[in-house]
Amino acid sequence: MQLVRAALGLLARPLLTRYETRLRRHDSSPGRAPMSVFNSPEEFREVMDRTFALMRDDPEMGPRLREVDTPQRFEFTDLEMVVNIRAGEAGEPNLAWEWSDEVSWEPKVKMTMSSETANRYFQGKENVAIAIARRRIKAGGDVKAALAIIPITKPLFGHYREMIAEDYPHLEV
């Protein structure tokens, strides 16, 4: 058996951690741009926290997102992470989010995707409707409400690309 594995080059390959294996196999299909992967789940959370803060603090986006009040749950399957986002309540900033499923609100929209798909979306390189049709994003709940938010968040794409170029160039697609 070892001779067969050696002939196939399997012994020369380094063993991958569970996290690295998930990252290598998710979401890259022939004909698509090469994967841009996060270095760790911690880096992903850091980038997403900064992204949500950009939306929350933007003088146009933030108030509009508060107004539409569409609580959402995002699951990132490759990293086994979940974040729930809602409009801020009185005395809170425009958006509030928790990296947990233990929240006091019920999401109207549930989206499941890989971290790569999220990164592509925030760079303006992934169309949500097409990604849903191609099953790169699985959506549940009030999908129409989720699609209505997209025009509000379009200005984020430029800010996100700037942040990525400046601080996380390995994530550029």
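Only the coordinates and a few stated rules stand behind these numbers; no lab work does. None of these values were measured; they are calculated from a predicted model. Note that we place each Cβ from the backbone using ideal geometry, even for glycine, and neighbour counts take in every protein chain shown.
Laid out as a table, the results:
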{"item": "Cα-based reach from K144 at 16 Å (exclusive), listing lysines while leaving out same-chain residues under 8 positions away", "result": "K108, K110"}
{"item": "Proxy reagent accessibility, fewest Cβ within 10 Å first, across M111, M163", "result": "M163, M111"}
{"item": "Percent antiparallel among DSSP beta bridges (both partners in segment 38-173, rounded to 5)", "result": "70 percent"}
{"item": "For E89, E116, E75, E166, order by how many other beta-carbon atoms lie within 10 Å, fewest first", "result": "E166, E89, E75, E116"}
{"item": "Gain in span if fully extended, E67 to D167, counting 0.36 nm per residue against the direct Cα distance", "result": "32.9 nm"}
{"item": "Trypsin sites (Lys or Arg not before Pro) within segment 75-166: DSSP coil, no more than 14 neighbouring Cβ in 10 Å", "result": "R134, R135"}
